[in-house]
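The values are calculated or read from the model by the stated rules, or taken from the named source; none is laboratory data. Model, not experiment: these values are computed from the prediction. We place every Cβ from the backbone using ideal geometry, glycine too, and count neighbours over all the protein chains shown. All accessible areas refer to the heavy atoms of the entire protein, side chains included, with ligands and DNA or RNA removed. Shrake-Rupley method; radii C 1.70, N 1.55, O 1.52, S 1.80 Å.
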Amino acid sequence: MRPKIKTNLPGPKSEIIINKIKKLNIAYSDPYPYVHSKRGDGCYFKDLDGNWFLDFASQIASNPLGYNHRELNKVVRSYKKHPIKYAGQDFNVKEHADLLEELMTIAPKNLNQAFLINSGAEAVENCIKLAMRKQKKAEFGISFEHDFHGRTLGALSYTHSKPIHKLNYFTVPNKTLPFSEDAVDKLKVIIRKDGSQKIAFVLMEAIQGEGGYNVAPEVLVRGIRKITKQYNIPFIIDEVQSGMGRTGKWWAHQHFNIQPDIMSSAKALQVGAVVASKKFAVESGSISSTWGGGHTLDLAVGLKIIQIIKKKKLLNDVTKMGGYLVKEFTSLNLENVRGKGLMLAFDLKDKSTRNNFIIESLKQGLVLLGCGQKGVRIIPPYIISKKEADQALGIIEAANKKVNQPRFKHTGK
């Protein structure tokens, strides 16, 4: 199988659906110019107009095993009776217990309880809440430049990747550290000036997602962890995009040999999760959600994804294929190749060239995402083969040459 584009993008069938969404969606944001047909195979999917695409975006890292995975389809087919959604924090379902139990087998050893929720933003939001409950005298939280933590107002207050995300929104009190080794000394200054008890938490992405796929310096991560331990400040690691095996380890922070106090997960898990130690447990009713832990199909699929990653030893495959892609990107002289496992990125010369590159790649059947100011994300499913990697590399090389030609201009829609 290989990418095959038969129509202009969007094709006529897709365009009808897109125009309806554009007319009725109050937060329309220029989605990709195709509509999924629900047909797909592994790393490939087909749109309504018969175009086949190679997916190196994985539904923004939410689809770790590709399309129509046999074992996942079997789980989906087993849920035929209504309802599949329950108010899971108030009314129990077995799937809630099963996923919690399986999640604890891959969680950092010092974290032994979890709270399930709808999304990554809500997971981060509730990480923040747990920390605030513990730090009763706190007045602000701390996060890092270029971090992205979600779009609910609490998580958004600690997001610093693009100004448009926060324009005209109120924010929770916060201070920002540079995503560099300098942050260690700057945190010490804040503690000397304000006192550690005023700090509710320090929130970090060990490998930044939307903000640029920047890998934190080891001195930064380990230095911040040492200080937060010393002053008993809750240290939250956001693993919404980087977790669940994406980097070749279950969690990105494991590359730095540290353990957080609280951790968020979502995307590849299929539900949001707050993972923490029992010391952060809160009284009944203080955090909750109607659907948290109650969408039985998502819970069952999340459970099966963890089991498949274990059974197929996919963490090894992620590491191996990531190493191959990094080597090939370097040989193509792509700028600032970075990342871990299959959470990779490279830069193009400016934002305009990057955007042209993503469009041109799509026209050749390869789905990519941007990140940061001029970065391109490489996040294929964990099941990617060398043949599929080579197909993508061929498109990347051709698209890069084309968009860097003098007076390049796109044709078509």
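If only one of 360, 328 is assigned to a helix (DSSP H, G or I) and over 24 Å from residue 252 (Cα atoms), which one is it?
Selected residue: 360, the only one of 360, 328 that is assigned to a helix (DSSP H, G or I) and over 24 Å from residue 252 (Cα atoms).
Residues in the range 195-213: is at least one among the β-branched types (Val, Ile, Thr), closer than 22 Å to residue 323 by Cβ and crowded, with 24+ Cβ neighbours inside 10 Å?
Scanning the range 195-213 turns up at least one residue that is among the β-branched types (Val, Ile, Thr), closer than 22 Å to residue 323 by Cβ and crowded, with 24+ Cβ neighbours inside 10 Å.
Report, by residue number, each residue of the range 91-113 that is among the small types (Gly, Ala, Ser) and either surrounded by 20 or more Cβ atoms within 10 Å (Cβ to Cβ) or within 19 Å of residue 206 (Cα to Cα) (or both).
Of everything in the range 91-113, just one residue is among the small types (Gly, Ala, Ser) and either surrounded by 20 or more Cβ atoms within 10 Å (Cβ to Cβ) or within 19 Å of residue 206 (Cα to Cα) (or both), namely 107.
Contact list please: Cβ distance under 8 Å, first residue in the range 232-246 and within 18 Å of residue 141 (Cβ to Cβ) and modelled with pLDDT of 95 or more, second residue surrounded by fewer than 24 Cβ atoms within 10 Å (Cβ to Cβ) and of a type in the set (Lys, Arg), pairs at least six apart or on different chains.
If the second residue must be surrounded by fewer than 24 Cβ atoms within 10 Å (Cβ to Cβ) and of a type in the set (Lys, Arg), the pairs left are 234/134; 235/225; 235/229.
With the requirement that a residue be buried (at least 24 other Cβ atoms within 10 Å of the Cβ) and touching a Leu at 6+ places or on another chain (Cβ under 7 Å), what does the range 225-244 give you?
Within the range 225-244, 236, 238, 244 qualify.
Count, please, the residues in the range 39-68 that happen to be within 19 Å of residue 267 (Cα to Cα), open to solvent by 30 Å² or more (accessible area, probe 1.4 Å) and in a strand (DSSP E or B).
The number of residues fulfilling the criteria is 1.
Please determine whether any residue of the range 364-382 is in a helix (DSSP H, G or I) and either open to solvent by 30 Å² or more (accessible area, probe 1.4 Å) or closer than 20 Å to residue 59 by Cβ (or both).
Within the range 364-382, not a single residue is in a helix (DSSP H, G or I) and either open to solvent by 30 Å² or more (accessible area, probe 1.4 Å) or closer than 20 Å to residue 59 by Cβ (or both).
Let's see how each residue does on (1) assigned to a loop (DSSP other than H, G, I, E, B); (2) open to solvent by less than 20 Å² (accessible area, probe 1.4 Å):
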residue: 116; (1), (2): no, yes
residue: 142; (1), (2): no, yes
residue: 151; (1), (2): yes, no
residue: 167; (1), (2): yes, no
residue: 185; (1), (2): no, no
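Those residues that are among the polar types (S, T, N, Q) and either more than 30 Å from residue 215 (Cβ to Cβ) or open to solvent by 20 Å² or more (accessible area, probe 1.4 Å) (or both), I need them from the range 252-275; list them, please.
Hits for the range 252-275 are 254, 257, 259, 270.
Just give me the residues in the range 12-58 being touching a residue at least 40 places away in the same chain (Cβ under 8 Å) and not aromatic (Phe, Trp, Tyr), in sequence order.
Result: 33, 41, 42, 43, 49, 50, 51, 54, 55, 57, 58.
Scan the range 72-84 and give yes if some residue there is at positive phi, surrounded by fewer than 19 Cβ atoms within 10 Å (Cβ to Cβ) and more than 24 Å from the chain's Cα centre (by Cα), otherwise no.
No: the range 72-84 contains no residue that is at positive phi, surrounded by fewer than 19 Cβ atoms within 10 Å (Cβ to Cβ) and more than 24 Å from the chain's Cα centre (by Cα).
Within the range 392-413, how many residues are surrounded by 20 or more Cβ atoms within 10 Å (Cβ to Cβ) and more than 29 Å from the chain's Cα centre (by Cα)?
0
Considering only the range 6-38, state which residues are surrounded by fewer than 20 Cβ atoms within 10 Å (Cβ to Cβ), more than 28 Å from the chain's Cα centre (by Cα) and assigned to a loop (DSSP other than H, G, I, E, B).
6, 7, 8
Could you count how many residues in the range 41-57 are within 22 Å of the chain's Cα centre (by Cα) and small (Gly, Ala, Ser)?
Result for the range 41-57: 2.
For the structure I just gave you, tell me whether residue 290 is of a type in the set (Val, Ile, Thr), over 23 Å from residue 388 (Cβ atoms) and open to solvent by 70 Å² or more (accessible area, probe 1.4 Å).
Yes: the conditions hold for residue 290.
Residues that are of a type outside the set (D, E, K, R) and out of contact with any helix residue (DSSP H, G or I) (no Cβ under 8 Å at 6 or more places or on another chain): which strands (runs of 3 or more DSSP E) entirely in the range 194-301 hold 2 or more of them?
Passing ranges: none, list empty.
Check the range 348-367 and report whether any residue there is within 18 Å of the chain's Cα centre (by Cα), under 25 Å from residue 69 (Cβ atoms) and modelled with pLDDT of 95 or more.
Looking through the range 348-367, at least one residue is within 18 Å of the chain's Cα centre (by Cα), under 25 Å from residue 69 (Cβ atoms) and modelled with pLDDT of 95 or more.
Only one of (1) in contact with a helix residue (DSSP H, G or I) (Cβ under 8 Å, 6 or more places away or on another chain); (2) in a loop (DSSP other than H, G, I, E, B) fails for residue 89. Which number is that?
Checking residue 89 against (1) in contact with a helix residue (DSSP H, G or I) (Cβ under 8 Å, 6 or more places away or on another chain); (2) in a loop (DSSP other than H, G, I, E, B), the one that fails is (1).
Could you tell me which of the residues 320, 278, 311, 327 is more than 30 Å from residue 394 (Cα to Cα), without any contact (Cβ under 8 Å) to a residue 12 or more places away in the chain and loosely packed, with under 15 Cβ neighbours inside 10 Å?
Going through 320, 278, 311, 327 in turn, the sole match is 311.
State which residue pairs qualify: first residue closer than 14 Å to residue 243 by Cα and among the aliphatic types (A, V, I, L, M) and inside the range 96-115, second residue open to solvent by less than 30 Å² (accessible area, probe 1.4 Å) and part of a helix (DSSP H, G or I) in any location, beta carbons under 8 Å apart, and separation of 6 or more residues or different chains.
103/269; 103/306; 106/306
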